[in-house]
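Have a look at the structure below before the remarks.
The values are calculated or read from the model by the stated rules, or taken from the named source; none is laboratory data. No experiment lies behind these values; they were computed from the predicted model shown. Backbone-built Cβ (ideal geometry, glycine too); neighbour counts: all protein chains shown. Side chains are part of the model used for accessible areas, which takes the heavy atoms of the whole protein and leaves out ligands, DNA and RNA. Shrake-Rupley method; radii C 1.70, N 1.55, O 1.52, S 1.80 Å.
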There are 2 protein chains.
Amino acid sequence: MISEKMMELGKKRSVIREIFEYGNKRRQEIGAENVFDFSLGNPSIPAPDVVKETMLRLINEKDPVKLHGYTSAQGDLSVRSAIAEDIKNRFGAASGADLIYMTCGAAASLTISLNALVRDGDEVIVLAPFFPEYRVFAEKAGAKVRVVKCREEDLQIDFSALQEAINEKTKAIIVNSPNNPSGVVLSEETIIELSKLLERKQNEYKTEIYVIADEPYRELVYGGIEVPYIPNYYDNTLVCYSFSKSLSLPGERIGYIFVSPKVNNCSDVYAAVCGAGRALGFVCAPSLLQYTVAENLGKTANIEIYDKNRNILYDALTEYGYELARPDGAFYLFMKSPEEDANAFCERAKKYEILIVPGDDFGFEGYVRISYCVSTEMILKSLDGFKKLIEEYRG
Amino acid sequence: MISEKMMELGKKRSVIREIFEYGNKRRQEIGAENVFDFSLGNPSIPAPDVVKETMLRLINEKDPVKLHGYTSAQGDLSVRSAIAEDIKNRFGAASGADLIYMTCGAAASLTISLNALVRDGDEVIVLAPFFPEYRVFAEKAGAKVRVVKCREEDLQIDFSALQEAINEKTKAIIVNSPNNPSGVVLSEETIIELSKLLERKQNEYKTEIYVIADEPYRELVYGGIEVPYIPNYYDNTLVCYSFSKSLSLPGERIGYIFVSPKVNNCSDVYAAVCGAGRALGFVCAPSLLQYTVAENLGKTANIEIYDKNRNILYDALTEYGYELARPDGAFYLFMKSPEEDANAFCERAKKYEILIVPGDDFGFEGYVRISYCVSTEMILKSLDGFKKLIEEYRG
């Protein structure tokens, strides 16, 4: 009698969650120090000290009625202005406070964007491997989801597959770079080719096809790599940003949507974003956090730790004989399973108390995700298990 | 091509917002001290000092990775346990951590509850006068909204009208006491009669009819009045709570949903709440605020100021000849317009720089809402204008 879809969503734990709960059980049984849990994408490094200092100063000095009061639904004007300025300065992209909409984090950025754009029967394309909640968000917004697998060799976009998936109902494509679960950054070449394809298809069908650029990992890149800023390549782009990963504030729920001024009828699209935020019950983004992030734009937590973890783990796993690419961003390794069934491999890893997530959950079979947003100490202790694990396959 | 409904919602300002923007214009033109703006329901008193102290202590002492990290989607277990305990202690109602779902405030509590319960084609009843966003939230969840007007003499429920509005499609009724915009508290007699009617109708149609008790103003009551706790009277009740008004934290977006254990199949309903929160993109409620409110349950900002404002305004307006009831709660007066057209009356009030909201927007014509969550000084300065305003009608 109630919404069965919502009930099922509430009852069905994600595979990641199942593994994490299994980890909790094992931690109780054998001690946390003996469980090597690589299952969650939960930042392990603290927010930078400047964030703490900003919060303390705001709470001590700002008028509490203003600090904790409603901001406008789009977000405080000074906050939106600071973000628009930051976008101009860092990416050279045209921007403006009236195109920024503050949100309760990346998930809210996505649901609001999808509900703003999608009409019943529209299709939304996701590129596998992909964050599984994309399907939940897009379907709730009334869209049909089409999955397009990336090229196995480098996880860049497979354009012939993408071309076949686009039709007159295609409303949007979600692009997530750096990617969860693979850590891969889409190259400038890929973004240019994507833009050309989408423009051609827009002309062919006389439609608008929006890129929803989901960018919570933008600042988490290593080796000086550049992440192309999609609004500089493709006009119909909405950027969904979150400060969860860059500032290690995932529980605080703060992010934004940026509607590029090059979007066709951008003020209509921005209005639809405001309307969707309103109808979904988002009133405004948390005010203290709005003021806090505005003073810390472009800063990050100490991500050198992630880089160090990445290198230790990548070097060791490669040495042991695992097949994987060294990812440029986020805090994930995406590794080929030594046996075809990644689920079976993940089960076998439990023998060594190693908890990793099968790629099936991300729409990409035969691979596993290893989250290295964990302590370096845990990684070092886990290596012997990883070595013995692959040796089993040489039997 | 995008969602026209969302675009319209984003473009169409609410009447309240229009009046507030007009006030901004006048404040610039003649100075803020000369504009008597009673349009917004925005708490005017600061959060209590204990809230500030709690926040500072948490930020200074708690591990930042934990403090700002994801909580479980339902909310941190210790926070939910504290709230469940508080419900037991204050209202004598059975409760439990596994029936509490932390939200980003009252609007989120409502959208999540509605999306959990409503299936396409279901109907949701609202009791006029009502907060206009109820319609937006319920329609977005797929419901048809039926408006049932309260009795004009005391704004208690008109049971013959309500009875006629209930049918086999009725999924829920939103009950808001203390009420926005009227400040009226529904009496125990009303709640008992409501329960009986709904139980009878559930039996008649073999359906479940849920009460969604929207209670952001629960603690804002004066003169020692008791607000009946609906789960103690009617089984199929979900309580939507927010700390926005009680702790003067409206911008921080923190509240909860409590699924009464007496709800039929309560664990299914709770699962649907979890699923709806997930699908709408709410991940978790802001973590710092979760921990903060858990330490300040049952506390309120200094609401004596509201009580004082209420009495000054009520006494003066009555003396001048206006017709209104002395409301028991919230921070609103609901006053009969001296002319039939409340819009015309509100326009006329602008001559005296008095900004009030016509009841039409709340589904109740011929009345106006006066928000007294303002400075006492402003109220005192406005009285002369109110006096002259009613004298115009005696001309």
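Scanning for something facing another protein chain (nearest Cβ under 7 Å), assigned to a loop (DSSP other than H, G, I, E, B) and open to solvent by 10 Å² or more (accessible area, probe 1.4 Å), does the stretch B:292-302 turn up at least one residue? No, because not a single residue in the stretch B:292-302 is facing another protein chain (nearest Cβ under 7 Å), assigned to a loop (DSSP other than H, G, I, E, B) and open to solvent by 10 Å² or more (accessible area, probe 1.4 Å). Could you go through the stretch B:321-343 and let me know if any residue there is within 30 Å of B:Gly142 (Cα to Cα), touching a residue at least 60 places away in the same chain (Cβ under 8 Å), not in a helix (DSSP H, G or I) and not aliphatic (A, V, I, L, M). No, because not a single residue in the stretch B:321-343 is within 30 Å of B:Gly142 (Cα to Cα), touching a residue at least 60 places away in the same chain (Cβ under 8 Å), not in a helix (DSSP H, G or I) and not aliphatic (A, V, I, L, M).
The criterion of being touching a Ser or Thr at 6+ places or on another chain (Cβ under 8 Å) and under 17 Å from A:Phe91 (Cα atoms) does not hold for A:Val221.
Considering the stretch A:73-84, and only residues there that are open to solvent by less than 30 Å² (accessible area, probe 1.4 Å) and touching a strand residue (DSSP E or B) at 6+ places or on another chain (Cβ under 6 Å), the residue that is nearest to the other protein chains (Cβ to nearest Cβ) turns out to be A:Gly75.
Checking every residue in the stretch A:97-108 against the condition of being closer than 28 Å to A:Pro250 by Cα and part of a loop (DSSP other than H, G, I, E, B) gives at least one match. Scanning the stretch B:253-281 for residues that are facing chain A (nearest Cβ under 7 Å), charged (D, E, K, R) and under 23 Å from B:Asn176 (Cβ atoms) returns a single hit, B:Arg253.
Residues satisfying the criterion are absent from the stretch B:345-356 (criterion: without any contact (Cβ under 8 Å) to a residue 60 or more places away in the chain, open to solvent by 10 Å² or more (accessible area, probe 1.4 Å) and in contact with a helix residue (DSSP H, G or I) (Cβ under 6 Å, 6 or more places away or on another chain)).
In this structure, does B:Phe130 turn out to be of a type in the set (Phe, Trp, Tyr) and buried (at least 24 other Cβ atoms within 10 Å of the Cβ)? Please lay out each step first, then the result.
Numbers: of a type in the set (Phe, Trp, Tyr): yes; buried (at least 24 other Cβ atoms within 10 Å of the Cβ): yes.
Yes: the conditions hold for B:Phe130.
Residues that are within 11 Å of another protein chain (Cβ to nearest Cβ), closer than 30 Å to B:Arg13 by Cβ and under 24 Å from the mean Cα position of the chain (by Cα) do occur in the stretch B:85-104. Listed conditions (1) within 14 Å of another protein chain (Cβ to nearest Cβ); (2) buried (at least 21 other Cβ atoms within 10 Å of the Cβ) are all met by A:Lys206, apart from (2).
Taking the stretch A:85-108 as the range and being of a type in the set (Phe, Trp, Tyr) and surrounded by fewer than 21 Cβ atoms within 10 Å (Cβ to Cβ) as the test, only A:Phe91 passes. Consider the stretch B:253-272 and keep the residues that are more than 28 Å from B:Leu40 (Cβ to Cβ) and charged (D, E, K, R). The one that is most open to solvent (accessible area, probe 1.4 Å) is B:Lys262.
When the residues of the stretch A:303-339 are filtered to those that are open to solvent by less than 30 Å² (accessible area, probe 1.4 Å) and hydroxyl-bearing (Ser, Thr, Tyr), the one that is farthest from A:Ile390 (Cα to Cα) is A:Tyr306. Hey, does the stretch B:318-327 have a residue that's touching a Lys or Arg at 6+ places or on another chain (Cβ under 8 Å), within 14 Å of chain A (Cβ to nearest Cβ), at pLDDT below 95 and over 16 Å from B:Phe38 (Cα atoms)? The answer is no, given that none of the residues of the stretch B:318-327 is touching a Lys or Arg at 6+ places or on another chain (Cβ under 8 Å), within 14 Å of chain A (Cβ to nearest Cβ), at pLDDT below 95 and over 16 Å from B:Phe38 (Cα atoms). When B:Lys350, B:Lys308 are checked against the criterion of being part of a helix (DSSP H, G or I), charged (D, E, K, R) and either closer than 19 Å to B:Asn176 by Cβ or within 23 Å of the chain's Cα centre (by Cα) (or both), B:Lys308 stands alone in meeting it. Each residue in the stretch A:44-72 was checked for being more than 7 Å from chain B (Cβ to nearest Cβ) and open to solvent by less than 40 Å² (accessible area, probe 1.4 Å), and 7 pass. Looking only at residues in the stretch A:228-252 that are open to solvent by 10 Å² or more (accessible area, probe 1.4 Å) and under 14 Å from the mean Cα position of the chain (by Cα), the one that is farthest from the other protein chains (Cβ to nearest Cβ) is A:Tyr241.
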